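Student: Pasting in a structure now, in C-alpha cells, and then I'll have a few things to ask.
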Amino acid sequence: MLPAAREHLLTNATADRYLRTVTEGAARVADRIAGTDRPFTGIAPEHLALEVDTVDLDRPLGDASAALDELNDVYLRDAVYFHHPRYLAHLNCPVVIPALLGEAVLSAVNSSLDTWDQSAGGTLIEQRLIDWTAQRIGLGPLADGIFTSGGSQSNLQALLLAREEALAASGLPRAQALPRLRVLASAAGHFSVQKSAKLLGLAPDAVVTVEVDADRRMRPAALDRALESCRRDGSIVMAVVATAGTTDFGSIDPLPEIARRCAAAGVWLHVDAAYGCGLLASRTRRHLLDGIEQADSVTVDYHKSFFQPVSSSALLVRDGRTLRHATYHADYLNPERMVAERIPNQVNKSLQTTRRFDALKLWMTLRIMGADAIGELFDDVVDRAAAAWNLLGEDPRFEVVTRSQLSTVVFRYLPTGPGRVYADAANLHARKALAASGDAVVAGTTVDGRQFLKFTLLNPETTIDDIAAVVELVAEHAGRYVEHAIGPVLACTAS
Ligand SMILES: Cc1ncc(COP(=O)(O)O)c(C=O)c1O
C-alpha cells in the first residue's frame, strides 16, 4: 500500500491510476464539447463567483470523479467554448486534436526546456520546429529563435534584442542613448508594443505612431516622414514594428516597402505576425506575407492561426547571434563551459527559465495532419470572412470598415434618423445582450472614436448561415435598444 499522498504522484507505481484519471477527465470534456449548444451560458461573474467561492480549498474531495463533478459547476458548464461556430469574438481558435495529444504527453512527462539535462529530445524537437518556421519565413542560414508564452512575450523579446543592438550601434553611453530610443509602429499595431517599451525602460513617448491608410495598413510615406523626423530631432529609431495581421482589422502592413526603408535607414525590422502567421501554411495565400523574409525578427502565434492550444508562440530572428542579449549563465544551470561543450541549453535564448514543452503540440500537429491541412483550415476562415464582409456590406442596416486580408470583420449597426445618436450605445448594448443570452459571442472595438463590433473568425465550422443568424440577432438587439431610447412615437416617424 502506498501512503495516501503518494497515490497521487505519477510514478511507475501509479501509471494505471494516471491513465484512469486522465481518461475520465478527457471523457467529461468530450461529452461537454459534443453537447455544447451555445458558445457561452451568459452567466454573470457575480453569479459564478458564488459557486467558486463556496469551494473549500482546505477540504479536498480525495476523488477525481467528485472533483470533476464540482469542476462542472465552477468551470466546464459556463466556460466560453471556442469550438462553437457562433463564438466569433477574439483571436481564439478551436484546437486540433493532434495538438491535444501533444499537450497530454508534454504535461505528463513534464520536460522543462530550459536545459538539455531537463529535456533531452524536447530541446531538439523545439529546435527543429524553430528551424522549420524560420525556413517557411525565409530568414536565411543564420536564423534561430525560441518558443515563448505568447505574442506579447515574443514582441517584448524582439524589442529587447532591438534595443540592445541599437544601444550598441549608437556608440553613446547607455544612459544617454536610452531616452532617445524610438519604436515606430502603426496605430493598428498591438498594444504589447507599448507595454514592451515601458518594460524596456524607454521614454514614455518612445512609441511613435505611424499613420495608416484607409485599409489600416502602415503608409510607407508616413514611415518616411517619421524616420526623417526622428533623424532631425536626434532620436534613435531602434525598431520599426510592422504587423502582419492587425488584431482588429486583419490588415497586413506593406512589408516589402517597409523592409526597404528599414534596410536603408539601418533600422531593426520586427514583424508581428502573431495573427497572420497561419499564412505560412497556406498554399494559396502565402504571398500575402511577401517581404517578411527581410525582417530581423518575427513573432508567430501558433495558438492563433495554427489552431494550437494556448500557449504556443515563437520569436524568430534573422541572426541567431542577437539572441545573446537574453543570455545569462548561472553556475547551477547553464554554466558558460557548456557552450564550448556544445550542449544545447535553450535557456540561453529565452526570457523564461522553466519552460513548457509547447513545441510538442506543433510537432504532433505536423506529424499527424501536416502543415497543408493547417493552411486549409486558415484559408477556410479567411474565405468566410470575405463572405461575411459581403453580407454585411449589402445590408443597409450596417456599416462595414475595411475588408480584412485575414479573418476579421469590423462593422456596426447604424440606425437612421433620430436614432443615429444612439449608434454607439446600441452596438455596445447588442454585444452585451448577445453574450448574456449566450446565443453568440462577438467582440467590440472603437474605430475613429466610434463603437464598432467585430467578428474574428477562426473556426472553419462557422458557416455563412451562422454569421447571417448572428447579424440578425445584432440587428434585433441594437434596433430594440434604439427604439427604446428614442421612444415609440419617434421610432414610428423614423421608420
Ligand atoms: C497582432 C498581435 N500581436 C500580439 C498579440 C499578443 O499575443 P498574445 O495574446 O499571445 O500575448 C496579439 C493578440 O491578439 C495580436 O493580435
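Student: I'd like to know if region 53-65 contains one or more residues that are open to solvent by 70 Å² or more (accessible area, probe 1.4 Å), out of contact with any strand residue (DSSP E or B) (no Cβ under 7 Å at 6 or more places or on another chain) and hydrophobic (A, V, I, L, M, F, W, C).
Tutor: yes
Student: Do you know which residues across region 438-458 are within 27 Å of VAL96 (Cβ to Cβ) and either aromatic (Phe, Trp, Tyr) or touching a strand residue (DSSP E or B) at 6+ places or on another chain (Cβ under 7 Å) (or both)?
Tutor: If the condition is that a residue be within 27 Å of VAL96 (Cβ to Cβ) and either aromatic (Phe, Trp, Tyr) or touching a strand residue (DSSP E or B) at 6+ places or on another chain (Cβ under 7 Å) (or both), then ALA440, VAL441, VAL442, ALA443, LYS454, PHE455, THR456, LEU457 are the ones that fit.
Student: Being more than 11 Å from the ligand (Cβ to nearest atom) and open to solvent by 20 Å² or more (accessible area, probe 1.4 Å) is the filter here; which residues of region 282-304 pass it?
Tutor: Answer for region 282-304, where residues must be more than 11 Å from the ligand (Cβ to nearest atom) and open to solvent by 20 Å² or more (accessible area, probe 1.4 Å): ARG283, THR284, ARG285, ARG286, HIS287, LEU288, ASP290, GLU293, GLN294, ASP296.
Student: Follow-up question, since we're still on this one. Sort through VAL382, VAL441, VAL409 and tell me the only one that's at pLDDT 95 or above, under 27 Å from ILE486 (Cα atoms) and either surrounded by 17 or more Cβ atoms within 10 Å (Cβ to Cβ) or hydroxyl-bearing (Ser, Thr, Tyr) (or both). Even if it seems obvious, please write down each step before you answer.
Tutor: On the way: VAL382 fails: under 27 Å from ILE486 (Cα atoms); VAL409 fails: under 27 Å from ILE486 (Cα atoms).
So the residue among VAL382, VAL441, VAL409 that is at pLDDT 95 or above, under 27 Å from ILE486 (Cα atoms) and either surrounded by 17 or more Cβ atoms within 10 Å (Cβ to Cβ) or hydroxyl-bearing (Ser, Thr, Tyr) (or both) is VAL441.
Student: Filter region 305-324 down to residues that are open to solvent by less than 40 Å² (accessible area, probe 1.4 Å), part of a helix (DSSP H, G or I) and not small (Gly, Ala, Ser), then give me how many there are.
Tutor: Residues meeting the conditions: 2.
Student: Follow-up question, since we're still on this one. Looking at (1) of a type outside the set (A, V, I, L, M, F, W, C); (2) open to solvent by 80 Å² or more (accessible area, probe 1.4 Å); (3) over 25 Å from GLY102 (Cβ atoms); (4) touching a residue at least 24 places away in the same chain (Cβ under 8 Å), which one does ARG367 not meet, given that it meets all the others?
Tutor: (3)
Student: May I ask you to verify whether PHE306 is more than 27 Å from GLY189 (Cβ to Cβ) and of a type outside the set (Lys, Arg)? Show your work before the answer.
Tutor: Numbers: more than 27 Å from GLY189 (Cβ to Cβ): no; of a type outside the set (Lys, Arg): yes.
Judged against the criteria, PHE306 is not a match.
Student: I need every pair where a residue in region 39-51 that is surrounded by 10 or more Cβ atoms within 10 Å (Cβ to Cβ) has its Cβ under 6 Å from the Cβ of a residue that is acidic (Asp, Glu), sequence separation at least 6 or different chains.
Tutor: THR41/ASP78; ILE43/ASP78; LEU48/ASP78; GLU51/ASP73
Student: Would you be able to tell me the number of residues in region 262-281 that are small (Gly, Ala, Ser) and more than 11 Å from the ligand (Cβ to nearest atom)?
Tutor: Quick first cut of region 262-281, residues small (Gly, Ala, Ser) only: 263-266, 273-274, 276, 278, 281.
From what's left, more than 11 Å from the ligand (Cβ to nearest atom): 263-266, 278, 281.
The total comes to 6.
Student: Based on this model, can you work out whether VAL210 counts as without any contact (Cβ under 8 Å) to a residue 40 or more places away in the chain, closer than 30 Å to PHE411 by Cβ and buried (at least 19 other Cβ atoms within 10 Å of the Cβ)?
Tutor: In short, yes.
Student: A further question follows. Output the residue which, of all residues in region 1-19 that are touching a residue at least 12 places away in the same chain (Cβ under 8 Å) and more than 17 Å from GLU103 (Cα to Cα), is surrounded by the fewest Cβ atoms within 10 Å (Cβ to Cβ).
Tutor: Per the criteria, the residue is LEU2.
Student: Can I ask one more? Inside region 202-244, can you point out the residues that are farther than 18 Å from GLN294 by Cα, in a strand (DSSP E or B) and within 16 Å of the ligand (Cβ to nearest atom)?
Tutor: Correct list: VAL207, THR209, VAL210, VAL212.
The values are calculated or read from the model by the stated rules, or taken from the named source; none is laboratory data. Source: prediction; values computed, not measured. Cβ: placed from backbone, ideal geometry, glycine included. Neighbour counts: every protein chain shown. For the accessible areas, the whole protein counts, side chains as well, though only heavy atoms, and no ligand, DNA or RNA atoms are used. Shrake-Rupley method; radii C 1.70, N 1.55, O 1.52, S 1.80 Å.
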